[in-house]
Every structure is written in structure tokens, then in C-alpha cells.
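Here's the structure, in C-alpha cells; my notes come after.
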Amino acid sequence: MSRIVMKFGGTSVANLECIRNVALRVKKEVDQGNQVSVFVSAMAGTTDKLVGWVEEISPLHDAREYDTVVSAGEQITSGLLALALQDIGVPARSWLGWQVPFKTNQAHSAAQVEEIEIEGLTERLIEGTVCVIAGFQGISIDNRITTLGRGGSDTSAVALAAAIGANRCDIYTDVEGVFTADPRIVPSAQKLEKVTYEEMLEMASLGAKVLQTRSVVMAMNHKVRVQVLSSFTDKPGTLLIDEDEIVENKIVSGITYAKNEAQVMLVGVKNNPGIASDVFKGLANENINVDMIIQNETEGGRKTDITFTVAENDAAKAEKILNEADNIDFKKLITDMNVAKISVIGVGMRSHSGVAATMFETLADRGINIQVISTSEIKISVLIEAAYTELAVRSLHTAYGLDSK
Ligand code: ADP
Ligand code: ASP
Ligand code: MG
């Protein structure tokens, strides 16, 4: 007998017919003698609608009330799935985050799971009840509902799988697995049979929203056997693996894009030692995450230009901090929201050269200008004008030989 965790995303529970279909999938696992915990997201579009309401009624909303509202969608689907299971003869009950409880820190809207009390759930699992749990939500030390950030049901599922030592954590979604690029913009993208935790982590954090980044970190740290697969077909999905399990050594595994970045350029900064530290410390103190950075000297070293990227919704705050900082002397501050970050990812890069050259050449051939570059051992990212996103991703996909035959 295995202990398994299943998670169904918004499209998989979009309406009652979908929920009945999910119930049948869960039943199949129960019929094979497995102990099953199931996480559900809100019905597709529901969380967006709830977020919209919060923003409309209170643009500068209290994050605790934001969480109260946006966590509501998962309450409905968890109850409905428990009912659909009972209806086909499968013993089931629903749990909200606070009922488990899923204990998190107090970082409302982006809370981190700290501890899951599994006793109540495991008792029910052992007696043969399917535990249907609302994803995305938890409870903080001061008894307030928290949410784990958009896409957070993935993390709920992986966290429980780690806590109960599940044999498998199956993430069901609306595509057949993890692809070499977002199949919605690259029709020739191929499903990856396997992808390493590290590559998946880069892909998720660089824009492939198929798994929430934190869920991959958690899976990697706790060695959770995660599989991504479709709730609409019976095809095998993508398995997350360790690097030493790789058989076929591809150089590039995936191409991603992210359009939610902004480029900030400080032009003509007075070039004193410690200037970069002043700029980035000021931003860090206000919890602004900086991603790509370039700095180059001008005017024979007397001045410097510092360019970096931040999340689009931090751009205004970053501008304000820099404009108000009296220890930073610069000529001009230019912010560009019209950018996209395109990344090429693959563990094979560790042992192969020429990956960056291919990327730059491919973009140059299409007349796409590169504004900023950043690299790590297994990825290269470039910032380009947002209008070229699709063209860049498709061209790179072809250039690295990833197109399906
Ligand atoms: P769910 O609601 O099931 O959590 P998401 O919308 O969060 O689903 O994630 C699935 C979506 O991720 C897919 O519909 C697909 O468009 C997108 N996606 C982006 N990049 C990739 C990729 N490399 N492989 C698969 N899906 C991707
Ligand atoms: N419903 C939440 C969201 O849309 C959580 C999730 O689906 O994972 O972000
Ligand atoms: Mg998701």
C-alpha cells in the first residue's frame, strides 16, 4: 500500500463535470489500496476574481483581509470534491488549512509553511478516508488565515507529501507535464519525461508557472517524488529527478519567459567605492528583490551606469527609494516596464560550451537587442523588449534542437 498525495489545479476543477472526473481519478487510486490525500485549487478564474474584488474595494488593502478573501475559492472546491467522492461510494471529508492545521508564518499573501500537524489526517487515512484539503491556505500563530502566494496549492501538496512521507506527489494540471517551453506559445514544445529538481527550480523561478517555485524547493529538500501530469488524459507526465538519475544528457532542457519584470537604469552615478552597496542595500531594506545587474564605468571611471531588474510591481517603490536617497548622486533614472526576461536552462551547460554564443547569435539574427544578461551554472537569461518574447522563445527553441519532429 502506498501513501499518495494528489493535487488538482484550477482548470481540473473548473466545473462540476471536471470535479466528478477528478473524483473518478481519486477513486482509481483508492481502489488500488492507496491512502490518498487530495489538494484542490479554486475553480479556474475564481482566485483572480477574488483578488480583483479586494483591489477594487481597497487598493492599499490589509494583507490579512486579502488572505481571508482570496483563500475562499478552495473552500468551495474541497467541499464539492468530498461530496463527489461520497457520491461514488468513496469515504471522504474536507479540511480547510486551519482545520489540519497547516501552520505558516505571518507573511500574509506569501506565507511559508512551518509545520503541519498530521495526526488527525493520518488517523483518517489509516481508516480509509480520503482527505480532501483546500490548497493554498494555512493559519498563522495569531490565528489568522494565510495564503501561500499565487499557485500555492502546489506547495501545499508537496509540503504534506514531505510531512507524511508520501510515496508520490502527483500534480494534475491542464497540460501533459513539463514541456521544453510553454506549450501555449511554442506549439512544437516537447514534454520532458524527466527533469531534474534544479532545472525545474530554475524553470519555475524564471517564468514556467506549471509549478510554484517554492513547491520545487520543498520537493528538492525533502526528496519528494513529484510528477506533473494532465487530469484530462491518461498519458504519463513528467517526473522530477535528481541529477544522478539522468540517463540522456541534453544540453538545454527548457526555455522560459517572464514578462513581469522592470528594468531600472541609474545613469551617471558618481563613482565612489561602496556606491553599488548603497544602491542595493537601500532596495534590500525595503524587501525589494533585485535580479539581473550590470554596472559599467563612464567618463573615464568618474561616473558609472547601474542597470538592474526588479519585479514590475516593485518598480515604483524602487524609483521612490532611489530618488529620495541622499547618499546616491546620479544624473538620470530610467525605468522600462516594456521588457521580458528570456532564459535558457539545462544542467548540460555545466559541461558544454557555446550555449551562450548560440543564444546571442540566434537573437541577433532576428534583430532582437539584448539589454541585460545574467548567468548561473545551469542557465542564461537575457532581457529584451517585451514585444519580441514569442519570437525569441520560438527561435531559441528551434536553435537548441528542441522542436518536436
Ligand atoms: P494549475 O491551475 O493546474 O495549477 P497553472 O496554470 O498554474 O495550472 O500551470 C499550468 C500552465 O503552465 C500551463 O497551462 C502552461 O501554459 C503553463 N506553462 C508555462 N511554461 C510551461 C512549461 N515549460 N511546461 C508546461 N506548462 C507550462
Ligand atoms: N487558487 C490559487 C491561485 O490561483 C492557488 C493555486 O491555484 O495554486 O493562485
Ligand atoms: Mg498552478
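Rounded to the nearest 10 degrees, the inclination of helix 389-399 to the longest alpha-carbon principal axis of the chain is 80 degrees. Distance between the 7 Å Cα→Cβ label points at THR298 and ILE334: 0.8 nm. Compute the FRET efficiency between GLU123 and LYS235 as 1/(1 + (r/R0)^6), taking r as their Cβ-Cβ distance and R0 = 30 Å, and round to the nearest 0.05. Efficiency, rounded to the nearest 0.05: 0.30. Once the Cα-Cα distance is subtracted from the 0.36 nm per residue extended length, the LYS259 to GLU245 segment shows a gain of 1.8 nm. In order along the range 3-20, the Karplus-derived 3J(HN,Hα) couplings, from 6.51 cos²θ - 1.76 cosθ + 1.60 at θ = phi - 60°, round to 9, 10, 10, 10, 10, 10, x, x, 5, 6, 10, 5, 7, 5, 5, 4, 5, 5 Hz, and Gly and Pro are given as x. By the equivalent-ellipsoid construction on the alpha carbon gyration tensor, the chain comes out with semi-axes of 40, 27, 18 Å, ordered largest to smallest.
Given R₀ = 35 Å, what would the calculated FRET efficiency be for LEU83 paired with ASN327, taking r from the Cβ atoms and rounding to 0.05? Display every interim value, and only then the final one.
Working: r = 61 Å, r/R0 = 1.73.
Once rounded, the FRET efficiency stands at 0.05.
For GluC sites (Glu not before Pro), the sites in the range 120-210 that DSSP calls loop and that have at most 15 other Cβ atoms within 10 Å are GLU127, GLU193. Between ASN143 and GLU17, the simple spin-label model (points 7 angstrom out along Cα→Cβ) gives 4.5 nm. Extending 7 Å from Cα along the Cβ direction at ASN221 and again at VAL51 yields two label points whose distance is 2.4 nm. Sorting 220-226, 257-263, 129-135, 362-368 by average packing, meaning the other beta carbons within 10 Å per residue, from highest down gives 129-135, 257-263, 220-226, 362-368.
Show LEU211, LEU60 ordered by accessible area, largest first, where the area counts protein heavy atoms only and the probe is 1.4 Å. It would help to have the intermediate numbers written out before the result.
Working: LEU211 5, LEU60 165 Å².
Largest accessible area first, the residues go LEU60, LEU211.
The values are calculated or read from the model by the stated rules, or taken from the named source; none is laboratory data. Since the model is a prediction, treat every value here as computed from it, not as a measurement. Here the Cβ is made from the backbone with ideal geometry for all residues, glycine too, and neighbour counts use every protein chain on show. Only protein heavy atoms, including side chains, enter the accessible area calculation; ligands, DNA and RNA are left aside. Shrake-Rupley method; radii C 1.70, N 1.55, O 1.52, S 1.80 Å.
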